[in-house]
Amino acid sequence: QVQLVESGGGLVQPGGSLRLSCAASTDIFSIHFRAWYRQAPGKQRELVATIYSTGITTYADSVKGRFTISRDNANNTMNLQMNSLKPEDTAVYYCSADIRERPWSPTVVYWGQGTQITVSS
């Protein structure tokens, strides 16, 4: 069973940096990374950053200039570089991707299990 796995979460002080990564747990035929989302306690899941197949990226206003989404095609990973972190960035962060497990498989949207980011002094 294919899974999307996020890594790189943890506790960081305000103003600090973290880098999240997202990858498939097993070999697959194709993967198209879509976006990073986050969900803070008591709030709805929100879109943080999107990366399109063209390489164009978009960001939520709250993270513009601080977060950078990228894709490493050689290693089949998607990353989120987070700088100048604020307490309000505290949330569980999720990655999302379209995956085709085998050439004959349908394309399915997968979500990672989430990784906790806590920004606190």
Using only Cα atoms, what is the ratio of the radius of gyration of the chain to 2.2 N^0.38 Å?
-> 1.05
Using 0.36 nm per residue, how much length does the chain from Thr26 to Asp61 gain when fully extended, once their Cα-Cα distance is taken away?
-> 9.2 nm
Rounded to whole Å², per residue accessible area for the chain with a 1.4 Å probe reads 55
Computed ³J(HN,Hα) along segment 105-116: with the Karplus parameters 6.51/-1.76/1.60, θ = phi - 60°, integer Hz and x for glycine or proline, the list is 7, x, 7, 10, 7, 10, 10, x, 7, x, 9, 7
Karplus-derived 3J(HN,Hα) from phi for segment 11-17 (6.51 cos²θ - 1.76 cosθ + 1.60, θ = phi - 60°), whole Hz, x at Gly and Pro, runs 9, 9, 7, x, x, x, 10
Pick from Leu80, Leu11, Leu20: which residue has the top mean-square fluctuation in a GNM of the chain where Cα pairs under 10 Å get a spring?
-> Leu11
In sequence order, calculated HN-Hα J values of segment 50-63 (Karplus, 6.51, -1.76, 1.60; Hz; x Gly/Pro) | 10, 10, 9, 4, 6, x, 5, 10, 9, 9, 5, 4, 5, 10
Segment 30-85: which trypsin sites (Lys or Arg not before Pro) are DSSP loop and have at most 10 other beta-carbon atoms within 10 angstrom?
-> Lys43, Lys64
Could you list which residues have their amide H under 5 Å from that of Phe67, counting only those 5 or more apart in sequence or on another chain, with H placed in the peptide plane?
-> Asn83
When the accessible area of the chain is split by element with a 1.4 Å probe, what percent falls to carbon and sulfur?
-> 48
Accessible area, probe 1.4 Å, largest first, for residues Glu6, Glu46, Glu88 | Glu88, Glu46, Glu6
Which distance in nm do the two modelled labels at Arg19 and Gln113 give, with both placed 7 Å along the Cα-to-Cβ direction?
-> 2.3
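The values are calculated or read from the model by the stated rules, or taken from the named source; none is laboratory data. These numbers come from a predicted model, not from an experiment. When we count neighbours, we look across all protein chains shown, and the Cβ atoms used for this are built from the backbone with ideal geometry, even at glycine. Just so you know, the surface numbers come from the protein's heavy atoms only, side chains and all, with ligands and any DNA or RNA stripped out. Shrake-Rupley method; radii C 1.70, N 1.55, O 1.52, S 1.80 Å.
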